[in-house]
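The values are calculated or read from the model by the stated rules, or taken from the named source; none is laboratory data. Computed from a predicted model, the values in this text were never measured in an experiment. In this analysis, Cβ positions are derived from the backbone assuming ideal geometry, glycine residues included, and neighbour counts consider all displayed protein chains. Remember, those area values only see protein heavy atoms, side chains included, never the ligands or the DNA or RNA. Shrake-Rupley method; radii C 1.70, N 1.55, O 1.52, S 1.80 Å.
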Amino acid sequence: MNLLSSLNISAGALSVNEKAISVVSHNVSNMNTEGYHKQRVNLQARNIAGQIGDNPANQVRANGGVKIANVMRYNDDYLNNYYREQLSQKNMLEQQLGNLDELAGIFNDLEGTGVDAALSKFYEALNNLQQYPASSTARTNFVETSKTLTSLLNEKSVQLSKLTGEALGDGSSEDSLKNSKIYVQYRELNNSLEELAAVNKALQTTQTGTLTANNLLDQRDLILHDIAQFVDITVEESPNGSVAVYTGDQALVKGAKVVGKLDIDTAKSYCEKHGIIYPDEWTGENAVLSIVDEDGGVVVENANSVITGGALGGLIHSATDYDDGVTNAGTVQASLDKLASSIASIFNDLNKRENAYCIDPANTNHLKATYEGNNLFACYDEDGNETTEGITAANIKVSDNILKTDGIWNISCAYFENGDNYDENAVGNAQNVIAMIGTRNEKQPELNGMSVEDFYTSMLGKIASAGDSAKSLYETQCDVVDSLENQLDSAYGVDLNEELVDLVKYQTAYAAAAQVFNTVNSCLDTLMTLGR
Amino acid sequence: MYSNRISTTARYNLLTEDLKRNEANYNRLTAQLASGKKITNITDDPIAAVNIVNTNRQLGQITTFNQNTQLAMEELDSLDDLMELAGGYLTQAWDKAVQANNGTYGVTSLKALKVEIDEITKTMVDLANTEFNDNFIFGGANTKLTPYEMDENGNIIYNGTPQNNPDYIRKTEIADGVFEVINTTGDRVFGYYDSYFESADNKKYYPQTDENGNTIYVDKKGNQYTGDESALTAKTDYSGVMGALKILSDSIQEVIDAKESGDSDAETASYTKMFSTLDMFSKAHNDILTEQTKFGGVQNRLQMTESTLDTNTENLTSYLSSLQDVDLASAASKWMQAQYSYQASLQVAAQSMNMSLLNYM
């Protein structure tokens, strides 16, 4: 009964083309859906089993029309892995660049408003003082420029801590951690890990045979890309489409379980838990990430060193001085502290040295021997006690000794090479100021053998070139990622022309099958009327 | 199979990226043109940024050196004027000394001469006590202490710091690490006359009459000598024009006294003393000339420094401009190019976005 089988075949063809058109329709609907992979219906000729032997009729009988072999999802696993790798790298660089950009903004001294200009003004005031060592105007001017210098150093230090605080929190307060960028990222990452576990679970129950659960796989890949933005990962796929995700050797998700969830702590509370004295013994980051398993058991106590890639890796390492020659907020803070403490010690030493003389406030036409504790710069502890130990950019101040009423006379301008030459009337002696001016070109061993201003400029140069090279690295990486995204889009995106061609193709096939059906139907009619 | 495939999404994304790139370039060039600066952020060009900061610092230093030089030149100008005046008065006094030594002058004429000499002395002291910018010029490092005072014993005492001692000179910085000495001292230009009693421990005491009419010995700070009076030795230190003036005045008085008492031996001795002042005046005149010449040289150097500093400023300013200022012509032409290519990409995007088979179905 070939006619009836033809009827069946064309009915099957109608249904197959209907399904094919529905796949086209699915594709077209999702042409703008993020992460959607184009699907394609693979058709296959249906073969009806049976011995053929030498009978050609058997050959015809074996033809069962068309069937859908599978619905294929366009994909390229190699490209996906490579893309995720580069995406991690890009996000890491982005965080580093963001940090350096803000650093460069803090130290943008091109307009003459920065520490460099304040240092110049400071030395200019010294020059003026050298000409009029006994003038209260010159002395007040020097004190004012010193105040400008110290408050600028304080301000830059505050800006730096704020920069670090925005990234990682201030290291001690929970609130500041919760408002930091790292906290937001850590939460997003944890969410993504949970989402992945859920999709894995769905895949385990859905993709049970040989055919793929295309839409779930799309979701899974999208979440993997999300995770790769935060940390660098390696992915292992099982036959049911669920994946295990590792960062380094550490598993984060295995199947339907999040086996390595992140937890975050301030450096202070981490130290408290581990018996480390904070902040004196702590040289690490302001925030500490740890990895815990699904029951909350700690897997990795301090995961900061494990997490090196992605936005999280870039951010966590963006503000700590590792003494590895890489410039970031941490190294700049350390340099600035060094600068402040070295300025303080240079000028305090000169102001207090033997045979140096300040002016007697009781009679400003007379010199008075300088004394121990006659500091120009100092810092103050919580009780307001003056000390010169542990001066940093954050706490350096012009000493109260100088700021108090009549304090200006405590600046030691005079110095007698030969102590016997001391003459209390020699208020015009400015040898000590000349020595202070001399430090402008003096190489300081504690400043890596550079002068004060050169040290600052070199720090500036480091920030600038680090920022510049980070920018070009980031731009290159963006190009790489962009080009990969293009390749991926090209590989599995929906192309309208393709779909329209397919649509017409299936429509035509559908119409043709319908025509065959009609023709076979009329043949059957003809058959029915035979012999009437 | 995928190699030639390009999806609609990919095409849209490519178009968007190209648009963004063109837009960014266009914005950057617009910002450069608007600000006139090539670099607005230190990361734009690290080397140029460091150079700009260094150059700004050097320009600031040069401004300071320039101010120092100007001020030093002003002070040296007045120093020169004062020494010129001092030289003039010295010549006058010298003439009087020659006249007094003449031997033919009678007591009245000599008295008149002495009055003139004493006037010149006072003028000279006033000259030596001149201030510049609130500082005594001839006091060395003792800028706030009047350098010369005349006490009741007729001493012309120098209160300033002694010459040629590195602990007392005043200097000004005229180039990086280069200091120029800008003061001389009174004892070098004017000298002094100091007559005092020296105690056994080499301290100076001056005789005074107390309220009971007794002679007491007091040091400069007002401390009274308490030791044995016989241990005090009378001493006289003098030098320069001040010494010469005082000795001239004293010797004229001695001649007058001798003439009036008719003591011819004393008169001869006094004339000998008076004659010795001629040499002193000659030497003092030389001293002043030497100082004038020395500071004339300093002034010349300062003038040269000033012009060097001006040249440096010009060079550095133009270097700074080359570092940070936009070359308007090339920036404008680049900006036009960027505008064209941005426009072109907009047009292409607009027209090709909706191209698909759909238009023909």
In region A:436-491, anything small (Gly, Ala, Ser), buried (at least 20 other Cβ atoms within 10 Å of the Cβ) and more than 7 Å from chain B (Cβ to nearest Cβ) is listed as A:ALA466, A:ALA470
Restricting attention to region A:29-61, the residues that are open to solvent by 60 Å² or more (accessible area, probe 1.4 Å) and assigned to a helix (DSSP H, G or I) number exactly 5
Can B:ASN101 be described as among the polar types (S, T, N, Q), in contact (Cβ under 8 Å) with a residue 60 or more places away in the chain and open to solvent by 10 Å² or more (accessible area, probe 1.4 Å)? yes
Of B:GLN58, B:GLN67, the only residue that is within 14 Å of chain A (Cβ to nearest Cβ), touching a residue at least 40 places away in the same chain (Cβ under 8 Å) and either open to solvent by 70 Å² or more (accessible area, probe 1.4 Å) or part of a helix (DSSP H, G or I) (or both) is B:GLN58
Across region A:424-459, the tally of residues that are of a type outside the set (Lys, Arg) and out of contact with any strand residue (DSSP E or B) (no Cβ under 8 Å at 6 or more places or on another chain) stands at 16
Of the residues in region A:231-248, those that are under 20 Å from the mean Cα position of the chain (by Cα) and outside any strand (DSSP E or B) come to A:VAL231, A:ASP232, A:ILE233, A:GLY248
Exception for A:LYS121 within (1) within 11 Å of chain B (Cβ to nearest Cβ); (2) in contact with a Ser or Thr (Cβ under 9 Å, 6 or more places away or on another chain); (3) free of Cβ contacts under 8 Å to residues at least 24 places away in the same chain; (4) open to solvent by 70 Å² or more (accessible area, probe 1.4 Å) falls at (3)
Exactly one of B:GLU267, B:GLU229, B:GLU291 is free of Cβ contacts under 8 Å to residues at least 24 places away in the same chain and either among the hydrophobic types (A, V, I, L, M, F, W, C) or surrounded by 16 or more Cβ atoms within 10 Å (Cβ to Cβ) (or both), and that residue is B:GLU267
> Can we say A:ILE402 is outside any loop (DSSP other than H, G, I, E, B) and crowded, with 23+ Cβ neighbours inside 10 Å?
Replying inline: yes
Flagged in region A:56-80 as within 30 Å of A:SER483 (Cα to Cα) and among the polar types (S, T, N, Q), in numbering order, are A:ASN75, A:ASN80
Does A:ALA167 satisfy being facing chain B (nearest Cβ under 9 Å), open to solvent by less than 10 Å² (accessible area, probe 1.4 Å) and part of a helix (DSSP H, G or I)? no
Picking from A:ALA69, A:ALA104, the residue that is in contact (Cβ under 8 Å) with a residue 12 or more places away in the chain and assigned to a helix (DSSP H, G or I) would be A:ALA104
Report yes if B:THR8 is surrounded by fewer than 16 Cβ atoms within 10 Å (Cβ to Cβ), within 13 Å of another protein chain (Cβ to nearest Cβ), modelled with pLDDT under 90 and in contact with a helix residue (DSSP H, G or I) (Cβ under 8 Å, 6 or more places away or on another chain), otherwise no. no
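Here's a check for you: in region A:243-278, which residue that is of a type in the set (S, T, N, Q) and closer than 27 Å to A:SER176 by Cβ is most open to solvent (accessible area, probe 1.4 Å)?
My answer is A:SER269.
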By residue number, the members of region A:16-43 that are among the polar types (S, T, N, Q) and within 11 Å of chain B (Cβ to nearest Cβ) are A:ASN27, A:ASN30, A:ASN32, A:THR33
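Among A:ALA202, A:ALA228, A:ALA198, A:ALA251, which is at pLDDT 90 or above and not in a helix (DSSP H, G or I)?
A:ALA251
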Scanning region B:342-354 residue by residue, the ones that are under 30 Å from B:LYS38 (Cα atoms), among the polar types (S, T, N, Q) and open to solvent by less than 50 Å² (accessible area, probe 1.4 Å) total 1
Would you call A:GLU281 at pLDDT 90 or above, open to solvent by 50 Å² or more (accessible area, probe 1.4 Å) and not in a helix (DSSP H, G or I)? no
Residue hits (region A:20-66; touching a residue at least 40 places away in the same chain (Cβ under 8 Å) and hydrophobic (A, V, I, L, M, F, W, C)) are A:ALA20, A:ILE21, A:VAL23, A:VAL24, A:VAL28, A:MET31, A:VAL60, A:VAL66
Open to solvent by 10 Å² or more (accessible area, probe 1.4 Å), within 10 Å of chain A (Cβ to nearest Cβ) and touching a Leu at 6+ places or on another chain (Cβ under 8 Å): does that describe B:ILE39? yes
When every residue in region B:125-164 that is among the polar types (S, T, N, Q) and under 15 Å from B:MET242 (Cα atoms) is compared, the one most open to solvent (accessible area, probe 1.4 Å) is B:ASN153
